[in-house]
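Structure first, then comments.
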Amino acid sequence: MLSLLAGVSAGLLRAGWNFPVAQTAWVGLHAPLMIGAFFGTVIGLERAVALGRGWGYLAPLAAGLSGILLGAGAPQLEAFFLMACGALVLMLTTLRAAQRQPSLHANILALAAALAVTAPLAWLLDQPLAAIAGWMGFLVLTIAGERLELSRFLPPSPLARRLFMAIVSVFLLAVLATWFSPAGLRLLGFTLAALALWLLRQDVARRTVRQAGLTRFIALCLLSGYVWLLLGGALLAWQPDTAFLMDAALHAVFVGFVLAMVFGHAPIIFPAVVRVALPYHRGFYLPLLVLHFSLLLRVGGGLAGESAWRALGAAGNALALALFILTMVFTALSGRKRRAAPR
């Protein structure tokens, strides 16, 4: 949670907001705090619980500690080394799961974890584009792998599976290319757009969106996230040449796609990890709507070169995240009260 607070504060500082409690050093650490530390902790914890082995918890522990060190202003070498170690343990837990149940989706998850290892090392080697591409690959392939796992209910055709593997292969080449040339981001954008189109076509959400309740909410989160992934990929393929355009492209992926996936999967994953029920209610839509509308403002500001729009959009993104957390906490507490009430 400390990594999340520091990361969000860093993002708001970058967008032009000022906070007396925020360290200016956080401005340059927005991506490591949010992705390497926070998401490294969350995804590492999920995998550790699924593995059921004590050593698996070293992944979220190391990722969380790396975020605390970065937020406290500790030397970056130690913090990023610890982050890389946590990602390495995450990769080992994922490989262990792949050994237990060999499958394409398990291999994709292992590749995603491997990219999480390269990202902090790239940052230490002064390769920020390669680091961003690595962290992007970590999150995008993790989500794609998990959606592929759920596609067993509506399996893609052999041709669609081969197309998926081709897209992932080119995606990995694009991540590698960012180590040598900024043009690698353009290839990365094309593959992100291709992956978004594949997911829009193959994901079971196309059918479950016609249902009701939690099932419909999850489907809407997924489908809207895929649209943001498509837009982010298109913007990167366009090769943005200003900081505002790059901000729009990256946050279409990291906020629009990734957070929409988090909002959609949270009612399923959180109960499995923390053993707390999250009964569905219509209030789940509020954070999602705030997220999308504020991101439209942010991306629009980036495309138009309007710093005020971008700043307001960034604040709206932070508000959406806060509303999401409050909604989850309120839902968990109200669900517990209903179960404890006398019958």
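Observations
- Subset of the stretch 174-189 that is part of a loop (DSSP other than H, G, I, E, B) and without any contact (Cβ under 8 Å) to a residue 24 or more places away in the chain - its residue that is nearest to GLN239 (Cα to Cα): SER181
- Residue pairs meeting the criteria (Cβ under 9 Å; at least 6 apart or on separate chains; first closer than 20 Å to CYS85 by Cβ, in the stretch 95-117; second modelled with pLDDT under 90 and not in a helix (DSSP H, G or I)): ARG96/ARG53
- Note on the stretch 303-320: residues that are touching a residue at least 40 places away in the same chain (Cβ under 8 Å), part of a helix (DSSP H, G or I) and either out of contact with any Leu (no Cβ under 7 Å at 6 or more places or on another chain) or over 18 Å from LEU13 (Cα atoms) (or both) total 4.
- Any hit, the stretch 266-277, residues being of a type in the set (Lys, Arg), in a helix (DSSP H, G or I) and more than 18 Å from the chain's Cα centre (by Cα): no
- Only one of ARG161, ARG152 that is among the charged types (D, E, K, R), more than 21 Å from VAL262 (Cβ to Cβ) and touching a residue at least 40 places away in the same chain (Cβ under 8 Å): ARG161
- Condition met for GLY16 (surrounded by fewer than 21 Cβ atoms within 10 Å (Cβ to Cβ), within 20 Å of the chain's Cα centre (by Cα) and either in contact (Cβ under 8 Å) with a residue 60 or more places away in the chain or not in a loop (DSSP other than H, G, I, E, B) (or both)): no
- Within the stretch 202-213, considering residues that are within 21 Å of the chain's Cα centre (by Cα) and part of a helix (DSSP H, G or I), the one farthest from LEU286 (Cα to Cα): GLN202
- Remark: pairs (first residue in the stretch 205-233, on the phi > 0 side of the Ramachandran plot; second residue outside any helix (DSSP H, G or I); Cβ separation under 8 Å; 6+ apart in sequence or on different chains) = GLY213/TYR280.
- Taking the numbered list (1) more than 17 Å from the chain's Cα centre (by Cα); (2) in a helix (DSSP H, G or I) in turn, GLN239 passes all entries but (2).
- Scanning the stretch 191-217 for residues being among the hydrophobic types (A, V, I, L, M, F, W, C), crowded, with 22+ Cβ neighbours inside 10 Å and modelled with pLDDT under 95 gives a total of 1.
- Tallying residues that are modelled with pLDDT under 90 and either buried (at least 20 other Cβ atoms within 10 Å of the Cβ) or of a type in the set (Phe, Trp, Tyr) (or both) within the stretch 231-246 yields 3.
- Residue among ALA166, ALA249 that alone is touching a residue at least 40 places away in the same chain (Cβ under 8 Å), assigned to a helix (DSSP H, G or I) and either of a type in the set (A, V, I, L, M, F, W, C) or in contact with a strand residue (DSSP E or B) (Cβ under 9 Å, 6 or more places away or on another chain) (or both): ALA249
- Residues that are over 11 Å from GLY137 (Cα atoms) and buried (at least 16 other Cβ atoms within 10 Å of the Cβ), drawn from the stretch 177-190: ALA177, THR178, TRP179, GLY184, LEU185, ARG186, LEU187, GLY189, PHE190
- Residues of the stretch 293-309 that turn out to be surrounded by fewer than 17 Cβ atoms within 10 Å (Cβ to Cβ) and farther than 21 Å from SER224 by Cα, as a count: 5
The values are calculated or read from the model by the stated rules, or taken from the named source; none is laboratory data. Computed from a predicted model, the values in this text were never measured in an experiment. All Cβ positions, glycine included, derive from the backbone under ideal geometry; neighbour counts span all protein chains shown.
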